[in-house]
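Every read-out reported here was derived from the displayed coordinates using simple, explicitly stated rules and does not represent laboratory data. All of these numbers come straight from a predicted model, not from anything done at the bench. Cβ placement follows ideal geometry from the backbone for every residue including glycine, while neighbour counts extend to all protein chains displayed.
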Amino acid sequence: MIINLWSVLQWYLRPIIKWFLRKTTRLCELQRICYGDKAGAPRTCNVERSLMLSRTKDIKEVISHLDATVAEKRFTVDNFRNIFDPSVAIIIRAKQINCKLHGSFVVSIRRCLEQIWSYRNLVNEVEELRRIQFDSNDPSHEEKLLKLWSLLVPNELLESRVSKQWQAIGFQGDDPKTDFRGMGLLGLENLLFFASEYPQASSHVLSHSHHPKYGYTFAIVGINLTSMAYYLLKDGSAKTYMFNTKRYLPDINLFHRFYCYLFYEFDKMWIESKPQNIMEFSVIFKKFENAVRTELADPASVFRINIEVDTI
Amino acid sequence: MGLLSILKKLRSNPDKELRLLLLGLDNAGKTTLLKQLASEDVTHVTPTAGFNIKSVLSSGFKLNVWDIGGQRKIRPYWRNYFENTDILIYVVDCSDHQRLEETSQELTELLQDDKLRGVPLLVYANKQDLSTALPSPRQ
């Protein structure tokens, strides 16, 4: 009821407040955000909110045009000029912004648009990967699985494709093919990225999973973390992480990095919790998710993997 | 005998609360069954490390459903969840021909446990819809 009242009030009040601020500051809302909010998640999320609430016809068209670009799979980095130049131009015209005076706004709004729609594109891409079931008849899937083994256990040859050895890296049985389940190829790609791009961190985490007292099943926990990363991406919580990464736009590799961050941090929390046995997994996993969600809720949070010296 | 003992238990249980225990090998479909009971999405299931629990309201009963991971490493912990179980559901993957022996062995061991004595058992022949599923009864 209160929420309803608030949204009704907002619907009528927002234009009045905006008009008043526009007259007093001589800046439109998008400019106030781009000049006032820190670059990254605070700015980009506010720009996105402002755009989505906009009732200007041109702005609405920009949004649906960009959404269509994503839906029709024309959203590629080489295509960015064609995608964003017209969109930025339309926004500048609709908001009657003087480009000469507000050059930095143009740069900043463009960056925001790139981040917002790269994120939306990433959600689709991740969903597609998740939907591909691991198929042992597909040579490319098999190749990835075997590569994961050689990266994680470089000093030991896999005796056969179906082997008890898989349990050493935390699969459930002799054949990992049924372990990916609802996370499909996404689960395997995540693990593979962790092993190949963060060899030091992943072998550190893998060795923890072999701990005689606090050991756990590396790959299975990894697949559950894929699921966590997937839901955080889908419900928009991961925006804080993605938009605060200065060097990269949201793309599949950044999603993998996010996963690696989660894996590294989960391992840390698990070991620090000194669990009795693996049956405490669900409780600690939930606790971890809540901690991550709290951190992501603060748009100022910046995330990176800090490899620490082991003390256990 | 099974039905009778359930009814007896129900009568002595005024809260109409039941504890269901889901066991079976890994990849049998225990978590999917749990989610199905709770009317949740079943397309995003992940392997269970540890256990899952959900409370489901069904025709006036509160069902506390415990779904325990089925991988070999976890099986020794199964017995920690036997206490006060009202119904045991043992899930079998009918398309997993190779591990039929293994699953029957695990079930036999379960049935010998004192804590599960008198607990009604449902063997749930899962994945009947797969073309590779064994026919029932086995020919």
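Worth a mention:
- Ascending count of other beta-carbon atoms within 10 Å, so fewest first, for A:51, A:188: A:51, A:188
- Centroid-to-centroid separation of the stretch A:195-230 and the stretch B:66-87 [C-alpha atoms, Å]: 24 Å
- In this structure the amide hydrogen of residue A:244, modeled in the peptide plane, comes within under 5 Å of the amide hydrogens of A:41, none closer than 5 places in sequence on its chain.
- In sequence order, calculated HN-Hα J values of the stretch B:51-59 (Karplus, 6.51, -1.76, 1.60; Hz; x Gly/Pro): 8, 10, 9, 9, 9, 10, 8, 9, 5
- Under the criterion of Cα pairs below 8 Å and six or more residues apart, the relative contact order for chain B equals 29 percent.
- The stretch B:78-139 - percent relative contact order, Cα under 8 Å, separation 6 or more: 49 percent
- Shielding of peptide B:63-74 by partners, expressed as the average count of other chain Cβ atoms within 10 Å per residue Cβ, is 3.
- Cross-link partners of residue B:30 among lysines (Cα-Cα below 22 Å; sequence separation of 8 or more within a chain): A:177, A:286, B:54, B:62, B:73, B:115, B:127
- Other protein chain Cβ atoms within 10 Å, averaged over every residue that makes up B:37-47: 5
- Distant-in-sequence amide H partners of residue B:63 (H built 1.01 Å from N, under 5 Å): B:18, B:56, B:57, B:58
- Alpha-carbon centroids, the stretch A:149-184 and the stretch A:67-123: separation in whole Å: 44 Å
- Rounded to whole Hz, the Karplus (6.51, -1.76, 1.60) HN-Hα couplings of the stretch A:31-42, x for glycine and proline: 5, 4, 5, 5, 8, x, 9, 4, 4, x, 4, x
- Across peptide A:218-225, the average count of Cβ atoms from other chains found within 10 Å of a residue's Cβ is 3.
- Mean shadow area of the stretch A:8-64 over all directions, Cα convex hull, nm²: 4.4 nm²
- Working note: Debye formula, equal point scatterers on the alpha-carbon atoms of the stretch B:2-123, no solvent; log10 I(q)/I(0) at q = 0.10, 0.13, 0.16, 0.22 Å⁻¹ is -0.30, -0.52, -0.78, -1.39.
- One quarter of the surface of the convex hull around the alpha-carbon atoms of the stretch A:2-130 equals 9.5 nm², the direction-averaged projected area.
- Per-residue ellipticity at 222 nm from helix content only, as computed over chain B with -39500 (n - 2.57) for each DSSP H run of at least four residues, stands at -6500 deg cm²/dmol.
- Within chain A, helix-based [θ] at 222 nm, where runs of 4 or more DSSP H residues each add -39,500 (n - 2.57), nearest 500: -21500 deg cm²/dmol
- Restricting the calculation to Cα atoms, the stretch B:61-139 yields a radius of gyration followed by a Dmax of 13.7, 39 Å.
- Kirkwood Rh (inverse of mean 1/r, distinct Cα pairs), the stretch A:136-250, angstrom: 15.2 Å
- The stretch A:198-312: C-alpha pair distances exceeding 16 Å, %: 59 percent
- Computed from point charges on the beta carbon alone (+1 for Lys and Arg, -1 for Asp and Glu), the dipole magnitude for the protein assembly as shown about its Cα centre is near 2300 Debye.
- Along each principal axis, Cα extent of the stretch A:55-180, largest first, Å: 68, 26, 22
- Share of pairwise Cα separations in the protein assembly as shown, more than 30 Å, in percent: 55 percent
- When both bridge partners sit in the protein assembly as shown, DSSP labels roughly 35% of those beta bridges antiparallel.
- Residue-wise HN-Hα coupling along the stretch A:253-262, computed from phi with Karplus coefficients 6.51, -1.76, 1.60 (Hz; x: Gly, Pro): 5, 5, 4, 4, 4, 4, 4, 4, 4, 4
- Contact order normalised by residue count of the stretch A:75-225, Cα under 8 Å, 6+ apart, percent: 21 percent
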